[in-house]
1. Roughly how tilted is helix 39-49, in degrees to the nearest 10 and between 0 and 90, from the longest Cα axis of the chain?
2. So how tilted is helix 105-118 from the main axis of the chain? Cα-based, degrees 0 to 90, rounded to 10.
3. Note down the net charge around Ala57, summing +1 for each Lys or Arg and -1 for each Asp or Glu among other residues with Cβ under 13 Å from its Cβ.
4. Expressed as a whole percentage, what fraction of the accessible surface of segment 1-65 belongs to carbon and sulfur atoms when a 1.4 Å probe is rolled over the protein heavy atoms?
5. For a quick protection proxy, order the peptides 34-47, 16-29 by their average other-Cβ count within 10 Å, most packed first.
6. Cα centroid distance between segment 83-104 and segment 35-51, in Å?
7. Round to a whole number: what % of the accessible area of segment 67-123 belongs to carbon and sulfur, probe 1.4 Å?
8. Reachable lysines from Lys38, Cα under 16 Å, same-chain residues fewer than 8 places away excluded?
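The values are calculated or read from the model by the stated rules, or taken from the named source; none is laboratory data. Treat the numbers as computed from the prediction; the structure is a model and nothing was measured. Neighbour counts run over all protein chains shown; Cβ positions are idealised from the backbone, glycine included. In case anyone asks, the SASA skips ligands and DNA or RNA and just uses the protein heavy atoms, side chains included. Shrake-Rupley method; radii C 1.70, N 1.55, O 1.52, S 1.80 Å.
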Amino acid sequence: MAPDASWAGSALADWEWAPSARDAKARGERFVVRQLKKAEDLVMESRAMRHCVSTYAGKCITGHASIWSLRRCTKDAIDRLLTIEVDGQDRAVQVRGFANRLAHADERNVLERWARARGIALR
């Protein structure tokens, strides 16, 4: 796969949410779910998260999957939390954190908020 390969991706829009808690506001905390639509982005996600999502470009190009990255953004940093695979029927078929771990409860809460907002079915 050429590193500059890209694809149209899912029609679903990226998403952002800022918690209303006072400490979250003080940190400038917000959560972003962004679709990855370039082979280079999949490689960077794969390296940062220590999993194999870089091998999914073919599925993305053919429209069988879209890959999304859930990140926590603050004034000081951007942290990758989860990588999400969504199939062609808008179902989240895989959700993995660093080194393929499952989502923590607080991450799952943000994931569920995104899924409701975008009509994604979670397993």
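1. 50
2. Value to nearest ten degrees: 70.
3. Details: positive: Lys37, Lys38, Lys59; negative: Asp4, Glu40, Asp41, Glu45, Glu85.
Charge balance near Ala57 sits at -2.
4. Numbers: 2060 of 3900 Å².
C and S fraction of accessible area: 53 percent.
5. Numbers: 34-47: 18.1, 16-29: 12.1.
Ranking the peptides 34-47, 16-29 by packing returns 34-47, 16-29.
6. Each part's Cα centre sits 13 Å from the other's.
7. Numbers: 1380 of 3070 Å².
Carbon with sulfur: 45 percent of the solvent-accessible area.
8. Lys59
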